[in-house]
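Values quoted throughout were computed directly from the atomic coordinates according to the rules given, and no laboratory measurement underlies them. On a predicted model such as this, the values are computed, not experimentally measured, just so you know. Note that each Cβ is placed from the backbone with ideal geometry, even for glycine, and that neighbours are counted across all protein chains shown.
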Amino acid sequence: RRDLRDRLRGGPGSGPGPRPEVEGHLRHCDIVHPCTRAARRRPGCGPTEGPVLTTPLRRPAMATLLLLTNDMHASAEILPALELLPHQVKVAQAEATALLDAPAADVILLDARRDLVGARSLCRLIETTGKEAPLLVIASEGGLAALSSDWGFDDLLLVTAGPAEVDVRLRLAMTPVS
């Protein structure tokens, strides 16, 4: 009894002491997540021998994007969110002749920020000749009024779209419809 009072008052031998082990794991594992193969083992948790168990990080598959533009700036200036995403971007002229030598891509991005008439005719041409990849139009907010379904694009992206929105729209465009 005296020993208990001393510990409560901060006397000799007081302090939290070592953390208790429960079935080979430190007590925090009972509160947070159990240290299993599915969870990341915390440092100092569980048996000290053997390899540290970690969950493999799942990275999204990187897509190859073909950006058709007449504005020869970096792709990050045309759609700033692309700079923060792991996709590979190939840039080509937004002309019908450039499509003949265009590299293979998972998604085609068409810059319609400044030349809406040219973008519309190129969209229609791509739709008529048959496209092997989904076509997304990059437009400014002011250009939204000119877009219509007869252009033949699959989806649109605003220049101001953030990385999350751009990534989701790209993933949805690449997902086959069942």
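First select every other residue whose beta carbon is under 13 angstrom from the beta carbon of Glu83; then total the charges, Lys and Arg +1, Asp and Glu -1. Before the final figure, lay out each step's value.
On the way: positive: none; negative: Glu77, Asp167.
Residues near Glu83 contribute -2 overall.
For the stretch 69-178, take the convex hull of the Cα atoms, compute a quarter of its surface area, and give me that in nm², please. Before the final figure, lay out each step's value.
On the way: hull surface 27.1 nm².
One quarter of the hull surface, i.e. the mean projection, equals 6.8 nm².
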Work through the residues other than Asp71 whose Cβ is under 10 Å from its Cβ and net out their charges, Lys, Arg +1 and Asp, Glu -1.
-1
I want to check the label-to-label distance for Ala102 and Glu141. Put each point 7 Å from Cα in the C-beta direction and report it in nm to one decimal.
2.9
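Net charge around Arg171, counting only other residues with Cβ within less than 12 Å of its Cβ (Lys, Arg = +1; Asp, Glu = -1)? Write down the numbers at each step before the final one.
On the way: positive: Arg169; negative: Asp106, Asp155, Glu165, Asp167.
In short, -3.
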Over what distance in Å are the Cα centres of the stretch 110-128 and the stretch 144-178 separated?
14
